[in-house]
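The values are calculated or read from the model by the stated rules, or taken from the named source; none is laboratory data. Predicted model, so just to flag it, every value in this text is computed and none were measured. Cβ: placed from backbone, ideal geometry, glycine included. Neighbour counts: every protein chain shown. In case anyone asks, the SASA skips ligands and DNA or RNA and just uses the protein heavy atoms, side chains included. Shrake-Rupley method; radii C 1.70, N 1.55, O 1.52, S 1.80 Å.
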Amino acid sequence: MTRTGRIWAAVTVAVVAAGLLLQVVVTARGHEGFYPDNPERVLNMFAYFTIQSNLLLGITLLMLVLQPDRPRGAVFNTLRLNGVLCIAVTGIVYNTVLAGLYDLKGLAVVTDFLLHTASPILGVLGWLLFGPRGAIDWRIAGWSIAYPLLWVVFTLVRGEFVGFYPYPFMDVGEHGYPRVLLNCLLIAVLFLALAAGATTLDRRLRRKTTVER
């Protein structure tokens, strides 16, 4: 990774960290919602796809910043791709489906921007501009779907036991399983399309970089 790429990655990590820390503060101060009291409120925060996707993005980028030249294996490359794809899905789904559902004020507005807009833009642009290239193949792309599928299964199973669903389109009590599963399928199609696009684009960008050298 180039020096500019490392700086971009470090800025993205800082944005993610600030967003997550502010979200902890906002969540801890509040009393509305399914869990009115702490520590349940703060712990439940980590059930959200937004939080997990930001964590994936931030942790994998931090590893690249601290050890940019270290050889990476299939596990890291899959998690790195997960970070990029999941943060892209977070930005797309939130800003097209969920943004208008919440009346945010104060610090919550800043947190919302950092986690749902700034980090998706920085994360995706950082990957497009700086890579690293050549870390994705169709096997990695295929494995990248495992994490979001596991998250969906976990969320639905947990919801059956505790009655909590992090997003309205996943609320089985309100919509029923057929509608919820259809919603999840549509998002899975979006994720797979992004994974296929990222794999194809990475190959083209890698060939372009090789030719220019």
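Brief remarks on what is shown
- A crude spin-label estimate for the pair LEU43 and VAL162, with each label 7 Å from Cα along the Cβ direction, gives 0.7 nm.
- Heavy-atom accessible area per residue - region 137-213, 1.4 Å, Å²: 64
- Equivalent ellipsoid of region 10-67: semi-axes from √(5λ) of the C-alpha gyration tensor, largest first, are 26, 11, 7 Å.
- Charging the Cβ of each Asp and Glu at -1 and of each Lys and Arg at +1, and nothing else, the dipole of the chain about its Cα centre rounds to 1200 debye.
- Per-residue extension of 0.36 nm, minus the Cα-Cα distance of GLU174 and ARG203, leaves a gain of 6.1 nm for this segment.
- Fraction of accessible area attributable to carbon and sulfur, the chain (%, probe 1.4 Å): 68
- Counted as membrane-span-like here are DSSP H helices of the chain whose alpha-carbon atoms extend 24 Å or more along the helix's own axis and whose Kyte-Doolittle mean is 1.6 or above; these are 49-66, 74-93.
- A Gaussian network model of the chain, with springs between Cα atoms under 10 Å, assigns the largest mean-square fluctuation among ARG41, ARG139, ARG80 to ARG139.
- Gyration tensor (alpha-carbon) shape descriptor, region 1-144, a/c threshold 1.5: prolate
- Divided by 2.2 N^0.38 Å, where N counts the residues, the Cα radius of gyration of region 61-213 comes to 1.18.
- Residue among PRO120, PRO178, PRO168 with the largest mean-square fluctuation in a Gaussian network model of the chain, springs linking Cα atoms under 10 Å: PRO178
- Choice from LEU55, LEU201, LEU122 showing the highest fluctuation, given a GNM over the chain with Cα pairs closer than 10 Å: LEU201
- In the chain, the DSSP-assigned H stretches of four residues or longer account for a calculated mean residue ellipticity at 222 nm of -23500 deg cm²/dmol, using -39500 (n - 2.57) per stretch and the full residue count as denominator.
- Label-zone membership for region 86-112, site HIS31, 7 angstrom Cα→C-beta point, backbone N under 20 Å: 103-108
- Furthest towards positive pole of dipole, THR111, LEU55, VAL25, structure part the chain, Cβ charges: LEU55
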